[in-house]
Structure formats: structure tokens, C-alpha cells
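The values are calculated or read from the model by the stated rules, or taken from the named source; none is laboratory data. Quick caveat: nothing in here was measured; it's all calculated off a predicted structure. Note: ideal-geometry Cβ built from the backbone for every residue, glycine included; neighbour counts use all protein chains shown.
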């Protein structure tokens, strides 16, 4: 049978898809669902006057391993409820204390893991995913403020991707300056940077990289931290 009006085909296809979406009763995009709220779950992340902040993502790996990715903690308000029963504070608009960004809860809502060693890497947590098909259960974290996707082992240890992302400084002059200043902020003051490299493929390009490091990157870094220029870098680049 030939259908001459293609618009009919589009309408029929849409109706079929819509019917399939209505048929689901649990999970999927039905966020309210037939679920019951558990009182006092989860337990507060801290006991010193701070509570949960803006929670960006939750990943239920199992009943005793529920991952929470939040944008820091917020100070507990004495009277959090305003007129009409609405909260007085918007979580995304308040100033957080930047800790416990990634935690794991058990079924009672108690924190069983906190990856506080990685708090300084996050700018604005966005999403967390653990593939059920990955036998090693790598933890993927999306930070839309830092424009980065982090890949961690299940216990938060170092991966090759993390080493490349954090220990290799490369890019434009401005980017390398920002990376060096960020490294100094995280690690504390360091007295000297040693630039060592060997490039058998393109020695001229390697030399040019050293020149940019000595003539443009380090002067900006030294100006930012109020230090004296590093003569050794200029001497190395001129060889």
C-alpha cells in the first residue's frame, strides 16, 4: 500500500514514540516516580555546622555504594524555611566550603568514602558515571566549570589519563603560565624550575619551546609571584 502524504507517516511515528514514553512507570526520566522519601537520609557530611551543598549528580552503584558529586558544603541555617514553606537559600547561589565534593554513601546514608584529596581539582561538578560493563569500574566525573572529564580508578588512585592531564604542562604561552601558577598554588612555593627535554624529531621546535618558556612564560610567572627572572632558563634557551 502506497502512502502519498509523508506527513501522515511522521505523525504516526511520533504517536508510537510518545506511547512508549508514557508506558514506563519506574526509573528513566520519571524523576518523581513511585518512590518513598527516607527520613534523615543522607546523614550530614560534617558535624561542625556545615551541610550538603548543591548536589549535581548521584550514581547508585549498589544499595551500599551511592556516589554523590556536589559543589562543596553549605553552612547550616538556623531557620532554613521561608514564607510559603520555601527554602530561604538557593543552593547554587550560596558560597560553599569546598570539601567533600565526591563522597560514597551506604544504605543508611552514612559517608563511607570521601575523596577529599581531589577536591581542589573540581570547579563545578556536573555528572558522574560508572559503566556497568566496565569490569574495573572506572569512575568518570564531568566538571562543566573546568571543561574537563576526569577518569579515576574505583579507589581514586592514579590513572595514565590523570598523569597526562595534571603532570604534563603544555599549550599556548598563556595556558602554560596559568598551569604553572595553579601548580604553585596547589603544591606551595618552589625555588627553581628545571626545564629538561630531548627531541630527536624536531630539535628546532624544542629550542623554540625553551625560548618561549624563558622569554615569555617565566617572566609572567615571576611577575605574578614577585620573583626574580630565572637566568638559567635564558642561558639554556640560547644554546
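Which numbered condition trips up residue 120, out of (1) under 21 Å from residue 141 (Cα atoms); (2) in contact with a helix residue (DSSP H, G or I) (Cβ under 7 Å, 6 or more places away or on another chain); (3) without any contact (Cβ under 8 Å) to a residue 60 or more places away in the chain?
Evaluating residue 120 over (1) under 21 Å from residue 141 (Cα atoms); (2) in contact with a helix residue (DSSP H, G or I) (Cβ under 7 Å, 6 or more places away or on another chain); (3) without any contact (Cβ under 8 Å) to a residue 60 or more places away in the chain leaves (3) as the failure.
Just the residues that are modelled with pLDDT of 75 or more, loosely packed, with under 13 Cβ neighbours inside 10 Å and part of a helix (DSSP H, G or I), please, taken from region 202-234.
203, 204, 205, 208, 223, 225
Need the failing condition index for residue 149 against (1) surrounded by 12 or more Cβ atoms within 10 Å (Cβ to Cβ); (2) assigned to a loop (DSSP other than H, G, I, E, B), just the number.
Evaluating residue 149 over (1) surrounded by 12 or more Cβ atoms within 10 Å (Cβ to Cβ); (2) assigned to a loop (DSSP other than H, G, I, E, B) leaves (2) as the failure.
Just a yes or no: is a residue in region 187-201 modelled with pLDDT of 85 or more and surrounded by 11 or more Cβ atoms within 10 Å (Cβ to Cβ)?
Scanning region 187-201, I find no residue that is modelled with pLDDT of 85 or more and surrounded by 11 or more Cβ atoms within 10 Å (Cβ to Cβ), so the answer is no.
Given 103, 149, which one is at pLDDT 85 or above and closer than 24 Å to residue 42 by Cα?
Selected residue: 103, the only one of 103, 149 that is at pLDDT 85 or above and closer than 24 Å to residue 42 by Cα.
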